[in-house]
1. Taking the Cα centre as origin and putting +1 on Lys and Arg beta-carbons and -1 on Asp and Glu beta-carbons, what dipole magnitude results for region 75-120, to the nearest 20 debye?
2. If a/c stays under 1.5 just call it rounded; otherwise compare a/b with b/c (prolate if a/b is bigger, oblate if not). Do that for region 258-362, with a ≥ b ≥ c from the square roots of the Cα gyration tensor eigenvalues.
3. For region 107-235, just say rounded, prolate or oblate: build the C-alpha gyration tensor, square-root its eigenvalues into a ≥ b ≥ c, call rounded for a/c under 1.5, and beyond that prolate if a/b exceeds b/c, oblate if not.
4. Can you tell me, using C-alpha contacts under 8 Å and at least 6 residues apart, the relative contact order of region 41-103 as a whole percent?
5. Tally Lys/Arg at +1 and Asp/Glu at -1 over every other residue whose Cβ is under 13 Å from the Cβ of residue 35; what's the total?
6. Got a sec? Charge dipole of the chain, +1 on Cβ for Lys and Arg, -1 for Asp and Glu; which of 363, 33, 79 is way out at the positive end?
7. For the Cα atoms of the chain, what angle does the longest principal axis make with the long axis of helix 14-36, in degrees from 0 to 90, nearest 10?
8. Over the chain, what relative contact order in percent results from Cα pairs under 8 Å that are six or more residues apart?
Amino acid sequence: MDANMTSNFESTDQTDFYQFEAHIKILQENVAVLLSKSKFDALLIHSGELIYSFMDDQSYPFRVNPLFNHWVPITDVPNCWLLVDGVNKPKLWFYSPVDYWHNVETIPNAKWTEQFEISTLLKADDIGLIIPSLPNNIAYLGSSVKRAADLGLGNEAINPNTIINYLHYHRSVKTDYELFCMKQAQQIAVEGHLAAQYAFMRGLSEYEINAAYLLATGQRDTDVPYGNIVAINEHASVLHYTKLAKSSPVDKRSFLLDAGAQYLGYAADLTRTISFDEDDEFAELIKLVTQHQLELISHIKAGVNYTDIHIEMDKRIAEILLEFKLLHSISPEAIVQSGISRTFMPHGVGHPLGLQVHDVAGFMQDEHGTHQSPPEIYPYLRCTRTLESNMVITIEPGVYFIDSLLEKWKNSEYTKHFDWTRLSHFKQYGGVRIEDNIIIQVGGTINMTRQLELP
């Protein structure tokens, strides 16, 4: 599978196109309802612009506006514009300049383009010539506030909260087309994980393992949806470790890989941890975390609140700590109440997933943007929503051995419950994280990751 299908949705399977056609219809209906409640007549959505380094002519890697990508299966072309009003055929101005310095994308010869009225934009500034012919009351959605102001749009028409909140809230429930894309991204990422695990067992360095992952997935490091976390041994205790050591340690003990892929802009976000010795105690901890993760997932379905999922996993972390004999002579309830469990899993149990890795609207309770913060004791929880069918979330519990978090317990009243000798031994392994991507259903879930049998 070609991971770089970012700008050419040319599947030979007609089902895929019909899913896209239905997807656009749903988006049109949503926009029609939205605009009927607002003072705007249309939305002008900008793909984005290149951003340049300070005092330099080199740009940062381009990241498309997800609000644009939601409609258009293109991720690598700046200066494109989309006009939607929920009634008329969406108008797409596709940026394709005359340029011999850089590669230039042309309007794709693909069936999805039938859903749009497409024109070529030869110069980025030419959008200014088009604006006068558009409806009067337009809302601009994009990152270039200066560009919008230069086009004559007032502050109230630039990324209005009422518009953004509505669109973000409804992005949470995925269409069949979106689920198709996310399953493709899963397949790509799984191939990368298998290649990376093989590379680790062969003794390669983090840097070399990352290269093996990118090669297997057909991605550049600027294509992946987030920076790959490639952590050998104690590096796994750094939650977002991205250093990529170029030399391989003499003693290889553990390997944590948190790495994904994207397909037409939709992300996969997978994590696996393996032990170099599949028969050692750390391998048993991996099995224990995996067992609890799968049991947790088995109870998830539409109607369940995400906060409750995290609370349940917090209790399970306490059970893991006792079963693995890292703690003793203390109840699971006391482990949770004291906060000890959060020392070993300081992050949230997961997050919404979609066009963005940490997808939008995780805290929104309605389309008006009503915000529900996580409980005070779980500040890093990224979702407080009640789950609905066809939402996509990650479930990624972990157990880590983090010096800075463990330190405060050494002189506390709870120090007697810690097996410090055992903890010192496992610090050299860093930690465990296991992450699957699941689709919420009425009676349960579809585990996209496990369907592909990623060990």
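1. So the dipole magnitude of region 75-120 works out to roughly 120 debye.
2. On the way: a/c = 2.36, a/b = 1.38, b/c = 1.71.
Oblate.
3. Working: a/c = 2.41, a/b = 2.25, b/c = 1.07.
Prolate, since a/c reaches 1.5 and a/b exceeds b/c.
4. Working: 85 pairs, mean separation 21.2, N = 63.
Here the relative contact order equals 34 percent.
5. On the way: positive: 37, 39; negative: 29, 41, 85.
With Lys, Arg at +1 and Asp, Glu at -1, the neighbours total -1.
6. Looking along the dipole axis, the top candidate is 363.
7. With rounding to tens, the tilt is 80 degrees.
8. Numbers: 856 pairs, mean separation 71.0, N = 455.
Relative contact order here is 16 percent.
Any read-out appearing in this document is the output of simple, stated calculations on the displayed coordinates, not a laboratory observation. Just so we're clear, the structure is a prediction, and the values are computed from it rather than from any experiment. Because the Cβ atoms are built from the backbone with ideal geometry, glycine has one as well, and the counts that use them run over all protein chains shown.
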